[in-house]
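Visitor: Okay, handing you the structure first.
Throughout, read-outs are computed from the coordinates displayed, never taken from laboratory work. Since the structure is predicted, the reported quantities are computational estimates derived from the model, not experimental observations. Backbone-built Cβ (ideal geometry, glycine too); neighbour counts: all protein chains shown.
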Amino acid sequence: MRTTIGIAIDIPEPWGSQLTRRRLQAGDAAATHIPAHLTLLGPTEVDTGVIAEVAEHLTGVAGGHEPFPVHLSGTGTFRPLTEVVYVAVASGDEECKRLWAAVRELDAVRRPLRYDYHPHVTVAHDVASEALDEVFADLADFDAKFTVAGFTLFEHGPDGRWRPHREYCLGDGAAPPPASHRRR
């Protein structure tokens, strides 16, 4: 049996819901199931039998990396390659890249990449060009600073929703206390 997993860093409040709302306003239906986040592993199909191995690997990854500051500032786009507008990672991107590389050390989750890894927070994807332009302009002055203390392993359900499978604290790998901004 197979399942689809993903690994992400949640964007804390008040910024997470603000960015998710703006994505919805742009007409991006994915925002109803995918709150604002920084991706460490995009949707990846794996055998359900390797979930325990993935969880163990992620405990080691989290334990080997300390919490770090992130500064989100302004917007960027991947156009014309893909129809995406995002909030840029002004600092903390190198730490995200190190986490991403460590996650991918496990063969079970390594897959060919279409594009190089570029930490970002998607705020509009595959919507009308005018909507992309509006989001790009509306969030040009966006600014948020926070500390990344962990990440979450998600499993994709048959209803299209991503559900937390397990959370990891940077610095020790243990599950953090419950967060008030969990994905739904």
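Visitor: Taking every pair of Cα atoms in the stretch 98-137, average 1/r, invert it to obtain the Kirkwood radius, and report Rg/Rh to two decimals.
Guide: Result for the stretch 98-137 is an Rg/Rh of 1.16.
Visitor: Please give the charge dipole size of the chain, origin at the Cα centre, charges +1 on K and R Cβ atoms and -1 on D and E Cβ atoms. Round to the nearest 20 debye.
Guide: So the dipole magnitude of the chain works out to roughly 320 debye.
Visitor: Moving on. Gaussian network model of the chain, Cα springs within a sub-10 Å range: biggest mean-square fluctuation belongs to which of Ala31, Ala137, Ala62?
Guide: Highest fluctuation of the listed residues: Ala137.
Visitor: Using only DSSP helix segments of four residues or longer, with each worth -39500 (n - 2.57), what per-residue ellipticity at 222 nm results for the chain after dividing by its residue count and rounding to 500?
Guide: It lands at -7500 deg cm²/dmol.
Visitor: Moving on to the next point. On C-alpha positions alone, give me the angle between the axis of helix 93-103 and the longest principal axis of the chain, in degrees, nearest 10.
Guide: Computed tilt is about 40 degrees.
Visitor: Further question on the same structure: Please state the shape class of the stretch 43-148: rounded when a/c is under 1.5, otherwise prolate if a/b exceeds b/c and oblate if not, all from the C-alpha gyration tensor.
Guide: The shape class here is oblate.
Visitor: Rounded, prolate or oblate: pick one for the stretch 1-59, where a ≥ b ≥ c are the square roots of the eigenvalues of its C-alpha gyration tensor, a/c under 1.5 means rounded, and failing that, prolate if a/b is larger than b/c, else oblate.
Guide: Verdict is oblate for the stretch 1-59.
Visitor: Still on this structure, I have one more. Could you state the angle between the C-alpha long axis of helix 51-63 and the longest principal axis of the C-alpha atoms of the chain, as a value from 0 to 90 degrees rounded to the nearest 10?
Guide: 80 degrees
Visitor: Okay, next question. Need one number: nm distance between label points at Ala29 and Arg2, each 7 Å from Cα along Cα→Cβ, rounded to one decimal.
Guide: That separation, rounded to one decimal, is 2.3 nm.
Visitor: To continue, here is another question. R0 = 25 Å: FRET efficiency of Ala128 with His71, Cβ-based, nearest 0.05?
Guide: E between Ala128 and His71, to the nearest 0.05, is 0.25.
Visitor: Also, I was wondering about something else. Roughly what angle does helix 15-25 make with the longest principal axis of the chain, taking Cα atoms, 0 to 90 degrees, to the nearest 10?
Guide: Helix 15-25 sits roughly 60 degrees off the main axis of the chain.
Visitor: In percent, what relative contact order does the chain have, based on Cα pairs under 8 Å that are 6 or more apart in sequence?
Guide: The normalised contact order for the chain reaches 31 percent.
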